[in-house]
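> Please find one structure pasted underneath; my questions will follow.
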Amino acid sequence: MTSLNDPFNIEQKLFEEAANFVKHRYPQGWGGAAAVYTEAGSLLISVAPEVINDATNLCMETGAYLEAHKLNERVTHSICVARDDENSEFKVLTPCGVCQERLFFWGEDVKAAVYDPDGALIYKRLDEIQPYHWTKACRDK
């Protein structure tokens with residue numbers, strides 16, 4: 001995939017690709033997917049695995065993060081979307097604390113989409129989502 005220069009285009013494209021993937025992968029009922037964009041221009045999509053023991057479940061984003069690691073590419077943007085059923089609007093899910101920790105590997109300037117009750121597409125830098133992240137205590141002054 002070629003690089004998208006405009007951050008807004010990247011952010012909108014991630015939402016559209018994740019939503020379109022959900023419509024294809026989960027044509028009926030609940031559906032959710034995550035999409036990440038890398039500095040190298042890759043757009044990676046993943047879903048949560050279907051498991052029989054919930055203790056072995058993983059977040060939707062995990063597969064895309066692992067793929068970025070496999071490709072040795074730095075994640076710049078991340079989004080997770082879900083819908084209640086095929087007739088529902090998509091909601092953006094703010095990354096959970098574990099996924100935020102996973103994203104911090106690539107730096108506090110990584111942008112993650114966050115939930116907005118009005119349905120607006122909003123991305124925030126990790127240092128905006130977690131302004132007091134523990135790594136700040138470990139930096140050299």
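> Do you know which of the residues in segment 52-72 that are over 14 Å from F104 (Cα atoms) and not in a helix (DSSP H, G or I) is most open to solvent (accessible area, probe 1.4 Å)?
The extreme case among them is I52.
> Which residue pairs have Cβ atoms under 8 Å apart, sit 6 or more places apart or on different chains, and have a first residue in segment 96-115 that is part of a loop (DSSP other than H, G, I, E, B) and a second that is open to solvent by 70 Å² or more (accessible area, probe 1.4 Å)?
These pairs meet every condition: E108/R125; D109/R125; V110/R125; Y115/K91.
> Still on this model: Based on what the data block shows, is V22 of a type outside the set (G, A, S), in a helix (DSSP H, G or I), over 21 Å from D109 (Cβ atoms) and in contact (Cβ under 8 Å) with a residue 60 or more places away in the chain?
Judged against the criteria, V22 is a match.
> Residues being in contact with a strand residue (DSSP E or B) (Cβ under 7 Å, 6 or more places away or on another chain) and assigned to a helix (DSSP H, G or I): count how many of those fall in segment 116-141.
Looking only at that region, the number is 2.
> Of Q12, Q100, which residue is within 12 Å of the chain's Cα centre (by Cα), at pLDDT 95 or above and either crowded, with 19+ Cβ neighbours inside 10 Å or within 20 Å of I122 (Cα to Cα) (or both)?
Q100
> If I go through segment 109-141 residue by residue, how many of them are within 22 Å of K13 (Cα to Cα), of a type in the set (D, E) and open to solvent by less than 60 Å² (accessible area, probe 1.4 Å)?
Total satisfying the criteria: 1.
The values are calculated or read from the model by the stated rules, or taken from the named source; none is laboratory data. Since the structure is predicted, the reported quantities are computational estimates derived from the model, not experimental observations. Note that we place each Cβ from the backbone using ideal geometry, even for glycine, and neighbour counts take in every protein chain shown. Accessible surface is based on the protein model in full, side chains and every heavy atom, while ligands, DNA and RNA are left aside. Shrake-Rupley method; radii C 1.70, N 1.55, O 1.52, S 1.80 Å.
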